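The values are calculated or read from the model by the stated rules, or taken from the named source; none is laboratory data. Keep in mind it's a predicted model, so treat the numbers as computed, not measured. Note: ideal-geometry Cβ built from the backbone for every residue, glycine included; neighbour counts use all protein chains shown. Keep in mind that these areas ignore ligands, DNA and RNA; they rest on the heavy atoms of the full protein, side chains included. Shrake-Rupley method; radii C 1.70, N 1.55, O 1.52, S 1.80 Å.
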Amino acid sequence: MTTTDIYLCHTFSQDRQKLLKIEMVKSFFLLLGVRVAVSPLGDGGTVSSEVGATVSLSCWVEESQAEEELLWHRDGSEVELGQANRFNQSRLCIQDVSRDDHLVTFTCHLKRRPATSASVKMNVFFPPELSGTENVTVEESQETVLSCAVRANPQVAVTWEKDGARLDLMSSRYKLYQDEREARLTITRTQRSEHQGLYSCVTTSAEFGTRTKSFQLTVEDRTMGFPVFPVVAGCVVVLCTILLAVVSKWDRIRKGCIQRKQSCMPPRVHQYSLVLSSMLPLSSYLTHAQ
């Protein structure tokens, strides 16, 4: 059973009034003699809209002898309704539709029996958010990552350019990653002579045309940082040398004391030897860490 009605959804702003006329196709769900209908309902249970538009959803109860309270949910989260917009018939006005509403499911159901429900899914058309130029500075031989947001509905084709020419991604220094949300170009071991220039992330589609985000890549000389590991390794080696000298000296003194049958051995000297044996591998590791 289907019928067709016309509903008007009004929204107001300071400078203009939006008016959206929607043709409603009623879809019914039957359980224990009570029907809940939601509209509009497009192909596959979806409603299509563009970003910034307004969408009106209606839900009502049929074949019920008693007054029924209705609830709306947005992806499982309850939508706040006015008291007069709850019983037997309820309307939900979605103003300024955004890309965040894409694939969101709105469900209307009886409060006393949530299984008696009807749902509709949003299909929002939106372009990728690409514009402007970003300045990127890296040191030579470092890795460079350029990323642009390419999420769109319908999806778009993505290409990369350097200085106005299509980039040769077959080079071993370039790595490309792309999913439905992001396109990412990685340059391993960036070289000024080869990689400095203007890079562009270009998307094309029949619906949205061509959109571009650019990156001005500047490659600087590599700066030498403070050699922390070599300095620490040197300190460890010096300390080990001093302690080994002390231990060796006390060994000679101990032998002299034994010959004279005297007790002149300082306490815990052998513990120093254990400490040294554990520190020497550390110094070797730090020396080769760079």
Checked against (1) open to solvent by 20 Å² or more (accessible area, probe 1.4 Å); (2) at pLDDT 95 or above, L185 satisfies every condition except (1)
Of the residues T210, T116, T105, which is in contact with a Gly (Cβ under 9 Å, 6 or more places away or on another chain) and closer than 30 Å to T54 by Cβ?
-> T105
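To keep it simple, each residue is scored yes or no on (1) open to solvent by 40 Å² or more (accessible area, probe 1.4 Å); (2) closer than 26 Å to V150 by Cβ.
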| site | (1), (2) |
| --- | --- |
| S39 | no, no |
| S58 | no, no |
| E67 | yes, no |
| D100 | yes, yes |
| H109 | no, no |
| F126 | no, yes |
The residue that is nearest to R91 (Cα to Cα), considering only those in segment 110-124 that are in contact with an Asp or Glu (Cβ under 6 Å, 6 or more places away or on another chain) and part of a strand (DSSP E or B), is L110
Check G82, G76 and return the single one that is open to solvent by 60 Å² or more (accessible area, probe 1.4 Å) and either without any contact (Cβ under 8 Å) to a residue 40 or more places away in the chain or out of contact with any Asp or Glu (no Cβ under 6 Å at 6 or more places or on another chain) (or both).
-> G76
